[in-house]
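The values are calculated or read from the model by the stated rules, or taken from the named source; none is laboratory data. Computed from a predicted structure; not experimentally measured. Note that we place each Cβ from the backbone using ideal geometry, even for glycine, and neighbour counts take in every protein chain shown. All accessible areas refer to the heavy atoms of the entire protein, side chains included, with ligands and DNA or RNA removed. Shrake-Rupley method; radii C 1.70, N 1.55, O 1.52, S 1.80 Å.
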Amino acid sequence: MKQENVKEGEIKELEILEFKAGGNSYGVNINEIKEILPYRQKPTPIPNAHPYIEGMVMPRDFIIPIINLGKSLQLSNQSSSNEEMLMVTGINDLNIGFHVDKVQGIHRIFSNEIKEPGKNLSTKVKDVVTGTFERKNTVIELLDLRKLITIINPDVLNQ
């Protein structure tokens, strides 16, 4: 996992938000998440939208496009539960929601615990996994949400 402003060999403490999608465990740096909302409101469809976009919601005074994380990772096991959540990012000051099955919690880890992603990843979209780490006998795959966003719209983060 690439870390900005980290000298070679320097160990840094990270906070990783763990969540489930398609029965698999994933994580992202908590600094990329603006808020977590319950997935109660069915998104309004967007005509001619990318297949990974479920629609949009307006929880308050701003609109959030919703990306189905399981679909964007091309996971075969698409499950739904009563614990579904929206992870809202603030990447490049854009509010984008990721629909996930469940939010597990936050882990404090050190950068030296992160291993290079192996060949046996849960997703077919291998280049979005930046590394893995293990907690309680569970392998958690770290995702680069920016790469997922650019798969859907390559121009959105280049503005």
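Quick rundown of the values:
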read-out	value
Condition met for LEU142 (of a type in the set (A, V, I, L, M, F, W, C), surrounded by 16 or more Cβ atoms within 10 Å (Cβ to Cβ) and out of contact with any helix residue (DSSP H, G or I) (no Cβ under 8 Å at 6 or more places or on another chain))	yes
Qualifying residue in segment 76-89 (condition: open to solvent by less than 80 Å² (accessible area, probe 1.4 Å), free of Cβ contacts under 8 Å to residues at least 24 places away in the same chain and either charged (D, E, K, R) or not in a strand (DSSP E or B) (or both))	yes
Those residues of segment 90-113 which are open to solvent by 60 Å² or more (accessible area, probe 1.4 Å) and under 16 Å from GLY23 (Cα atoms), in sequence order	LYS102, GLN104
Top-ranked residue in segment 124-139 [being touching a residue at least 12 places away in the same chain (Cβ under 8 Å) and part of a helix (DSSP H, G or I); ranked as most open to solvent (accessible area, probe 1.4 Å)]	ASP127
Set ILE36, ILE16: member being in contact (Cβ under 8 Å) with a residue 12 or more places away in the chain and open to solvent by 60 Å² or more (accessible area, probe 1.4 Å)	ILE36
Any chance PRO59 is outside any strand (DSSP E or B) and in contact with a Leu (Cβ under 9 Å, 6 or more places away or on another chain)	yes
Candidate set: segment 96-118, residues that are out of contact with any Phe, Trp or Tyr (no Cβ under 6 Å at 6 or more places or on another chain) and outside any strand (DSSP E or B); chosen: the one farthest from TYR52 (Cα to Cα)	ASN112
Residue check for GLU116: out of contact with any Cys (no Cβ under 7 Å at 6 or more places or on another chain), surrounded by fewer than 19 Cβ atoms within 10 Å (Cβ to Cβ), of a type in the set (D, E, K, R) and in contact (Cβ under 8 Å) with a residue 60 or more places away in the chain	no
In segment 60-72, the residues that are surrounded by 15 or more Cβ atoms within 10 Å (Cβ to Cβ), out of contact with any strand residue (DSSP E or B) (no Cβ under 6 Å at 6 or more places or on another chain) and of a type outside the set (Lys, Arg)	SER72
